[in-house]
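Worksheet for the structure shown next.
We did not get these values from a lab; they are worked out from the coordinates using the rules stated. Fair warning: this is a prediction, and the values are worked out from it, not measured in the lab. Glycine gets a Cβ as well: all are built from the backbone with ideal geometry, and neighbour counts include every protein chain shown.
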Amino acid sequence: MTRTTPTDSTYMHRTVAARDGLREHFYADEKGLYREKHPHQGENDYSYLWPLSQVFAGTIDLLGLDSAERFDEDNIRDCRRAVEAYWNEDIEPPGYDSYVRPPLGEGDDVFYDDNLWIGLSLVRFYRMTGDEDALARAESVFEHTVNGWSDDDSLPRPGGVFWTRADDNDDRNTVTGAPGAKLAANLAELSDDQEYYLTWAERMHDWVEDSMRAPNGLYWDHVNGDGEVDKAQWTYNQGTMLGANVHLYRLTGENTYLRQAERIADAALEHFWSAGRIYRQNLAFNAIFLKNLRLLQAVNGDPTYVDAVREYVDEIWETYVDPETGLVVNHDMLYYDPDAPTPLLEQASLVRLCALLADDDPEVERLS
């Protein structure tokens, strides 16, 4: 099959198609909530927070694109309102449950990484709309994250942010420490209390760097209470650590952080673009990684990064997407049975990936 070279307008068309597929097939009702899968199979009425967090992030990605009135603040505020259906005021400090709270649902376990994805999107929402309530909520999410910092010095590799608030969990993860550092660095840029947030950004960053960095320059997944390290290397862990370094560089002006971000980018591209490893990672993980790669490009101007993004997005669109519906339909390499329903998480991530290329020169604030 001969493939044509996509243009900026092609990526905008793909973004619109993916977004329309998301709204048409997953949108649940006027509450702004979404279904977990398409077709809906009648289990939960609404999605879990992790997929919704990527819908929220993708909706913010669309704000400001020069395309259509469908990408306006009403859509984002609709999604922002839906996120609040997961907020749990009954815990201290409060945070987001992994499922909708009463009266829409019964809530579920609280995951620190779920909260951090929302916190990072709230910061971008604030940057782009000036909504002070969103910034205040992002600060609350960070205080929730600080609550998850381990102060048990008897644990192997002491420190780190736990994965969940569950009593039986003792895992401390890259996916909590690195996004925590990134959120703290963002808040340091925006807050009057820069020293507080910068201190936490450096502390969380340093724990991941000292405890989770592998010999190949990438980051392992987590360590448990017995000191056993899960050595899986997921793209989103590399991306959030890369992004944390970019923000720390912007805050401090220390070139060490920029060099570290570039080192992570080079190591990740070498590893994941070898032997097709990138296509054996979840779309959501890759969307987060590539978003942070574009953030680095916005700072250092390296054009090779967008080439990697384009190569991946083109292959995904040609191989895994039904162009008539804009839906991810062939996900046999993405940890799903190819005959299974399309997951909301994958569809939202497709929107995010296409939007990365619909804007040929995104500002740092849109990528943060």
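With helices as the sole contributors, the chain gives -18500 deg cm²/dmol at 222 nm; each DSSP H run of n ≥ 4 counts as -39500 (n - 2.57), and the sum is divided by every residue. Multiplying the residue separation of R157 and Q194 by 0.36 nm and subtracting their alpha-carbon distance yields 10.6 nm. Span-like helix check, the chain: qualifying full DSSP H segments, with Cα axial length of 18 Å or more and mean Kyte-Doolittle of 1.0 or more, are 344-358. Extending 7 Å from Cα along the Cβ direction at S150 and again at T129 yields two label points whose distance is 3.7 nm. Only lysines eight or more places from K182 in sequence, or on another chain, were considered; those with a Cα closer than 19 Å are K291. Under the combined filter of DSSP loop state and at most 15 neighbouring Cβ atoms within 10 Å, the stretch 196-272 retains these GluC sites (Glu not before Pro): E228, E254.
What does the charge count around P303 come to, taking other residues whose C-beta lies under 12 Å from its C-beta (Lys +1, Arg +1, Asp -1, Glu -1)? Intermediate results must be reported in sequence, preceding the final value.
Numbers: positive: R294, R310; negative: D302, D307, D360, D361.
Its environment carries a net charge of -2.
Please say if the stretch 20-139 is rounded, prolate or oblate, where rounded means a/c under 1.5 for a ≥ b ≥ c the square roots of the C-alpha gyration tensor eigenvalues, and otherwise the choice is prolate for a/b larger than b/c and oblate otherwise? In terms of gyration-tensor shape, oblate. Once C-alpha pairs closer than 8 Å and six or more residues apart are averaged by separation and normalised to the residue number of the chain, the relative contact order reads 20 percent. Close amide H contacts of Y219 (hydrogens built in the peptide plane, cut-off under 5 Å, sequence separation of 5 or more or a different chain): A214.
For the chain, compute the orientation-averaged projected area of the C-alpha convex hull (one quarter of its surface), in nm².
Directional mean of the projected Cα hull area for the chain stands at 17.9 nm².
Summing +1 for each Lys or Arg and -1 for each Asp or Glu among the other residues whose beta-carbon sits under 14 angstrom from that of S274 gives -1.
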